[in-house]
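Values in this text are rule-based calculations from the coordinates and carry no lab data. Because the structure is predicted, anything quoted here is derived from the model rather than measured. Neighbour counts are summed over all protein chains in view; Cβ atoms, including those assigned to glycine, are modelled from backbone coordinates with ideal geometry.
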Amino acid sequence: MTRWIALAVIGLLLAAGASYAASRIATQPIGLSSEPLDAGSNLAPRVRRTPTRGPVRTATPAPTRTATAAPTVDDSGSDDSGGGGGKGRDHAEDD
């Protein structure tokens, strides 16, 4: 029993040591903290500004009107679908 307790304590110490070492590695300073923010701006190539012209306008033809047929109205009151009014209830005898 004491052997298992000793192994558990050793495992806890190893885990604590590994997490402490990882946190120390993660907080290491890098060597650029003393440099100003614009220190590397001279290393980048200069941006050339070329004069650009405005958008080129192209002539678009005017839309032409086409004649359309007027819709016809069915005043007979019947359903022109030729079939059921849904679920086969298009006749009074189906009720």
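Side notes on the structure shown:
- Distance in nm between pseudo-label sites at THR64 and ALA15 (7 Å out along the Cβ direction from Cα): 8.3
- Computed from backbone phi, the HN-Hα couplings of segment 48-61 come to 8, 9, 9, x, 10, 8, x, x, 7, 8, 10, 6, 10, x Hz, rounded to whole numbers (Karplus: 6.51 cos²θ - 1.76 cosθ + 1.60, θ = phi - 60°; Gly and Pro given as x).
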